[in-house]
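Just so it is clear, none of the values below were taken in a lab; they were calculated from the coordinates. Everything quoted here is computed from the prediction, not taken from an experiment. Cβ sites come from the backbone with ideal geometry, for glycine too, and all protein chains shown count toward neighbours.
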Amino acid sequence: MRPLPELTPENTAFWTGGARGELMIACCNDCNTAIHPPQIVCPACLSRNVAARAMAGTGTVYTFTVNHQPWLPDMAVPFALAVVDVDGAPGVRVTAPVISDQPETVQIGQRMQIRFEAAGDVWLPKWQPLETGACA
Amino acid sequence: MTMGKAAITGTGMSTIGRNTGRPAMDHLLEAAQQALASAGLTRADIDGICTYPGKTDNSPGQSPLGTGEVRGALGLKTRWHSAVPDGPAQMAPIMVAAMAVMTGQARHVLCFRALTESSSQSAGRRASIAGAGKPQIGGWLSWLVSVGAMSASNWAGWMATRYFHEFGMTREHLGMVATGQRQFALMNPAAVMQKPLSMADYHDARMISSPLGLFDCDIPIDGAAVVIVSAADAARDCARAPLRIEALGSALQSQETWDQRPDLTTMGAHDASADLWARTDFKPADVDVLALYDGFSIFVPMWLEALGFCGHGEAKDFIAAGNIGPGGRFPVNTGGGQLSGGRLHGFGLLHEACQQLWGDTGARQVADAKTAVCGMGGGFIAGAMLLNRD
Ligand SMILES: [Zn+2]
């Protein structure tokens with residue numbers, strides 16, 4: 001069984017935004033720093049005026065790996081895991097599995113769109129390749 | 001600035017192996033007795049004890065022994081004890097022990113690491129998957145495990161992908177790390193792997209998490225290692241030349257994550273290494289023997305660059321030039337490393353480096369080795385140490 005994230009005041013917006021299809025990233029309302037993993041305090045200016053904002057839900061692959069090993073009995077392999085620079089949140093990456101029948105085709109620089117899958121009381125992110133933009 | 005006030009005076013390693021069926025404490029006892037003998041000490045001399053990470057069942061067999069059980073089993077009466085789950089990598093207990101002897105909390109600290117990952121996995125529980133089997137998980141692991149990045153091979157894999165992309169490294173270079181360390185292992189009867197590994201074998205092995213294949217991953221074993229850290233004045237009375245802890249580096253400039261560091265072709269190792277060299281007049285050129293964390297082969301080139309043995313992006317050429325294998329100018333993991341020797345979480349690598357400095361490594365001995373550097377950890381987890389003897 002794959003463990004699910006424990007919900008905390010810091011991370012609940014991220015893990016439940018998928019109910020609305022929204023990629024929620026914590027941002028400082030005073031200095032606009034994007035904060036991930038989310039915190040209740042801004043590490044740039046120490047403001048407590050931090051709240052999650054809905055991002056466009058797109059991003060660019062910074063790096064990836066294709067996992068071939070079934071680490072759990074019910075794990076279907078192979079699949080790609082992409083580490084994606086999130087549009088609108090400088091410095092923030094979201095790592096998630098890639099929705100693809102051809103994981104070997106994932107590339108650095110590829111454009112991605114966020115999707116979500118419900119699991120327990122959270123919504124797990126997945127990255128879906130955008131048709132338009134493979135540009136390594 | 002020289003520390004010079006703490007030294008490694010003895011080390012021991014149990015007869016490690018896969019699925020040994022021996023209790024962790026049996027391994028620990030063997031390693032402890034060896035370490036005491038090598039230092040010329042008795043258990044009555046041991047007044048401190050320290051370990052990483054402490055007793056935990058976070059993943060199967062990862063740390064079956066805590067300080068309490070070991071104190072009990074060895075009948076130790078200590079003045080100071082500590083376990084360090086949250087610090088500069090697997091090296092943390094050595095660092096904390098050095099600080100303990102420098103502040104007079106203890107004179108001889110027994111530092112240990114015991115694992116029974118091989119037996120635990122053979123008993124039907126799966127490989128080193130932190131948090132597996134629990135319904136919920138928190139902290140930095142949750143951002144990885146919850147989305148299916150369950151294995152450190154995934155995390156190291158995406159670092160390697162980015163590194164390959166930026167610097168033109170290929171699997172051939174990582175194969176040189178794996179096959180080179182296997183050559184060392186063939187000169188080390190204690191190494192788990194005793195059959196030759198060719199480059200063809202390396203390429204033919206199954207992929208685990210691209211670009212890392214089977215021989216890019218270290219080997220779970222059962223075993224224990226003990227390192228005795230002594231105060232400098234106490235070290236003079238020991239049986240062998242004290243290995244002075246010349247400098248320690250444990251700086252960390254980025255977050256506690258495996259995916260948010262701005263440049264994932266670097267790791268915490270780069271911060272810890274810069275800190276190490278800032279604390280000593282020694283330079284990389286002074287180093288005779290290297291012990292670099294090789295949980296995955298990609299960590300070796302990254303540690304080489306972190307420690308300044310070559311520039312950023314130059315490790316592939318440095319490795320291809322034959323620097324790190326048998327006969328090379330900067331031999332790395334001369335006992336076979338974790339890739340061929342077995343995973344003792346850095347303690348095995350440090351044990352080997354100490355044996356080199358004491359001239360005890362037989363066919364693989366580096367001539368007149370006096371200075372060793374040890375880098376432990378991967379990702380955001382890193383500690384670096386420079387050892388020197390007269
Ligand atoms: Zn701020």
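Counting neighbouring beta carbons within 10 Å and listing from fewest to most, the residues B:Met376, B:Met169, B:Met102, B:Met207 come out as B:Met102, B:Met207, B:Met169, B:Met376.
Shape verdict for the stretch B:316-374, please, from the Cα gyration tensor: rounded (a/c under 1.5), prolate (a/b greater than b/c) or oblate. Don't skip to the answer; put the middle values down first.
Working: a/c = 1.80, a/b = 1.15, b/c = 1.57.
Judged from the Cα gyration tensor, the stretch B:316-374 comes out oblate (a/c at least 1.5, b/c at or above a/b).
Answer rounded, prolate or oblate for the stretch A:12-129, using the Cα gyration tensor with square roots of eigenvalues a ≥ b ≥ c: rounded when a/c is under 1.5, else prolate when a/b is larger than b/c, else oblate.
Numbers: a/c = 2.30, a/b = 1.74, b/c = 1.32.
Cα axes put the stretch A:12-129 in the prolate bin.
Couplings for the stretch A:50-60, taken from phi via the Karplus curve 6.51 cos²θ - 1.76 cosθ + 1.60 with θ = phi - 60°, read 10, 8, 6, 10, 6, 8, 5, x, 10, x, 10 Hz in order; Gly and Pro are left as x. For B:Lys370, the shell of other residues with beta-carbons less than 12 Å away shows a net charge of -3, using +1 for Lys and Arg and -1 for Asp and Glu. Helix content alone sets the calculated 222 nm mean residue ellipticity of chain A: runs of n ≥ 4 DSSP H residues at -39500 (n - 2.57) each, divided across all residues, give -500 deg cm²/dmol. For B:Lys134, a cut-off of 21 angstrom between C-alpha atoms picks up these lysines, skipping any fewer than 8 places away in its own chain: B:Lys55. Here the simple spin-label model places points 7 Å from the Cα toward Cβ, and for B:Gln136 and A:Val77 these points are separated by 3.0 nm. Neighbour counting of Cβ atoms within 10 Å sorts the residues B:Arg364, A:Arg20, fewest neighbours leading, into A:Arg20, B:Arg364.
Once you order the gyration tensor axes a ≥ b ≥ c over the Cα atoms, which shape class does chain B get: rounded for a/c under 1.5, otherwise prolate or oblate by comparing a/b with b/c? Don't skip to the answer; put the middle values down first.
Values: a/c = 1.42, a/b = 1.21, b/c = 1.18.
It is rounded, given that a/c, with a ≥ b ≥ c, falls under 1.5.
How far is the Cα center of the stretch A:10-39 from the Cα center of the stretch B:321-362, in Å? Measuring centre to centre over Cα atoms gives 45 Å.
Taking other Cβ within 10 Å of each residue's Cβ, how do B:Met187, A:Met55, B:Met91 sort, fewest first? Don't jump to the answer; show the numbers that get you there.
Details: B:Met187 16, A:Met55 21, B:Met91 32.
Fewest-to-most ranking of B:Met187, A:Met55, B:Met91: B:Met187, A:Met55, B:Met91.
Annotation: lysines with alpha-carbon distance below 22 angstrom to B:Lys316 (same-chain offsets under eight excluded): B:Lys283. Using the Karplus relation 6.51 cos²θ - 1.76 cosθ + 1.60 with θ = phi - 60°, the per-residue 3J(HN,Hα) values for the stretch A:101-106 come to 7, 10, x, 5, 8, 4 Hz, with x marking Gly and Pro.
Normalised by the residues of chain B, what does the relative contact order come to in percent, with Cα pairs under 8 Å and at least six apart?
Details: 940 pairs, mean separation 93.3, N = 390.
Result for chain B is 24 percent.
Short-range pairs are left out: with C-alpha atoms under 8 Å and at least six residues apart, the relative contact order of the stretch A:12-129 is 25 percent. Taking amide H as placed 1.01 Å from N in the peptide plane, A:Glu6 has its amide H under 5 Å from the amide H of B:Ile137, B:Gly138, each at least 5 places away in sequence or on another chain. For the stretch B:178-188, backbone phi angles converted through the Karplus equation (6.51, -1.76, 1.60; θ = phi - 60°) give residue-by-residue couplings of 5, 6, x, 5, 5, 4, 4, 4, 5, 9, 10 Hz, Gly and Pro being listed as x.
A helix-only calculation puts chain B at -9500 deg cm²/dmol for mean residue ellipticity at 222 nm, using -39500 (n - 2.57) for each DSSP H run of at least four residues, averaged over all residues.
Below 15 angstrom from the Cβ of A:Glu22, what's the summed charge of the other residues (Lys, Arg +1; Asp, Glu -1)?
Details: positive: A:Arg20, A:Arg53, A:Arg115, A:Lys126; negative: A:Asp87, A:Glu117.
That sum, taken over residues with Cβ under 15 Å, equals +2.
The amide H of B:Ala190, built 1.01 Å from its N in the peptide plane, has no neighbour under 5 Å, considering only residues 5 or more places off or on other chains. In this structure, the amide hydrogen of B:Thr361, modeled 1.01 Å from its nitrogen in the peptide plane, lies closer than 5 angstrom to no residue at least 5 positions away or on a different chain.
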